[in-house]
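Only one structure is covered here, and it is reproduced in the block below.
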Amino acid sequence: MALVRILGIDPGLRHTGWGVIEADGSRLSYVASGAIHSRTGDALAERLRELHDGLSAVIAAHRPDEAAVEETFVNRDPQSTLKLGHARGIALVVPALAGLEVHEYAANLVKKTVVGAGHAEKAQIAMMVKVLLPRSDADTADAADALAVAICHAQHRGAKKRAAALGA
């Protein structure tokens with residue numbers, strides 16, 4: 001397998017985490033990470049534009065080959081779930097508009113891949129991201145979660161490509 005640069009995205013309306021890694025076979029290396037923030041008092045359309053522009057800038061700056069997005073879980077509050085769904089839509093469409101393959105992963109699969117348990121806490125995820133990517137400087141839980149999504153994709157992309165080639 002050739003070197004591939006992966007953008008991981010942890011969508012959120014207030015804070016969308018992003019992380020970029022390179023995968024060369026099973027060897028992973030950290031490139032960059034951060035979070036895009038929208039202003040809470042702004043109208044929804046303005047907040048979504050901020051996320052769009054921020055993710056577009058990340059893609060332009062780091063030029064990933066593929067993207068991976070964490071799937072949304074359903075909250076007890078339908079309004080919160082709907083808002084998160086809007087942010088997730090931005091997280092899916094921005095890389096697609098940039099011509100990237102976009103893959104989606106359930107939160108439990110991301111946690112199981114990175115930590116070994118599907119119900120890991122954020123602190124455990126951040127610790128394992130640091131172990132797997134020692135040079136990473138993810139300074140927020142959102143950035144660490146996004147790096148975890150990228151790591152998950154790096155681990156599962158080969159199997160996904162083989163399945164696609166077989167028509168599964």
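Can you tell me how many residues in the stretch 51-101 are among the hydrophobic types (A, V, I, L, M, F, W, C), assigned to a helix (DSSP H, G or I) and in contact with a Pro (Cβ under 9 Å, 6 or more places away or on another chain)? Don't jump to the end; show me each part of the working.
If we filter the stretch 51-101 for residues that are among the hydrophobic types (A, V, I, L, M, F, W, C), which is where we start, we get 51, 55, 57-61, 67-69, 73-74, 82, 84, 87, 90-94, 96-98, 100.
Filter once more, so that each one left must be assigned to a helix (DSSP H, G or I): 51, 55, 57-61, 82, 84, 87, 90-94, 96-97.
Filter again for in contact with a Pro (Cβ under 9 Å, 6 or more places away or on another chain), leaving 51, 55, 58-59, 84, 87, 90-92.
Result for the stretch 51-101: 9.
Here the stretch 109-127 is the region considered, the condition is being in a helix (DSSP H, G or I) and over 16 Å from His153 (Cα atoms), and the residue that is modelled with the lowest pLDDT is Lys122.
I want to confirm something. Restricting to the stretch 64-93 and keeping residues that are under 19 Å from Cys152 (Cα atoms) and among the charged types (D, E, K, R), which single residue is surrounded by the most Cβ atoms within 10 Å (Cβ to Cβ)?
Restricting attention to the stretch 64-93, the residues satisfying the condition of being under 19 Å from Cys152 (Cα atoms) are 64-73, 88, 91-92.
From what's left, among the charged types (D, E, K, R): 65-66, 70-71, 88.
Values: Asp65: 15, Glu66: 19, Glu70: 24, Glu71: 14, Arg88: 21.
If we take residues in the stretch 64-93 being under 19 Å from Cys152 (Cα atoms) and among the charged types (D, E, K, R), then Glu70 is surrounded by the most Cβ atoms within 10 Å (Cβ to Cβ).
Among the residues of the stretch 37-48 satisfying the criterion of being in contact with a helix residue (DSSP H, G or I) (Cβ under 9 Å, 6 or more places away or on another chain) and assigned to a helix (DSSP H, G or I), which is farthest from Val4 (Cα to Cα)? Only one residue tops the list, namely Leu44.
The set of residues from the stretch 128-139 being assigned to a helix (DSSP H, G or I) and in contact with a helix residue (DSSP H, G or I) (Cβ under 7 Å, 6 or more places away or on another chain) comprises Met128, Val129, Leu132. With Ala106, Ala168, Ala96, Ala141 as the choices, which residue is hydrophobic (A, V, I, L, M, F, W, C), surrounded by fewer than 20 Cβ atoms within 10 Å (Cβ to Cβ) and modelled with pLDDT under 90? The conditions single out Ala168.
The values are calculated or read from the model by the stated rules, or taken from the named source; none is laboratory data. Not measured: the values here are computed from a predicted model. Note: ideal-geometry Cβ built from the backbone for every residue, glycine included; neighbour counts use all protein chains shown.
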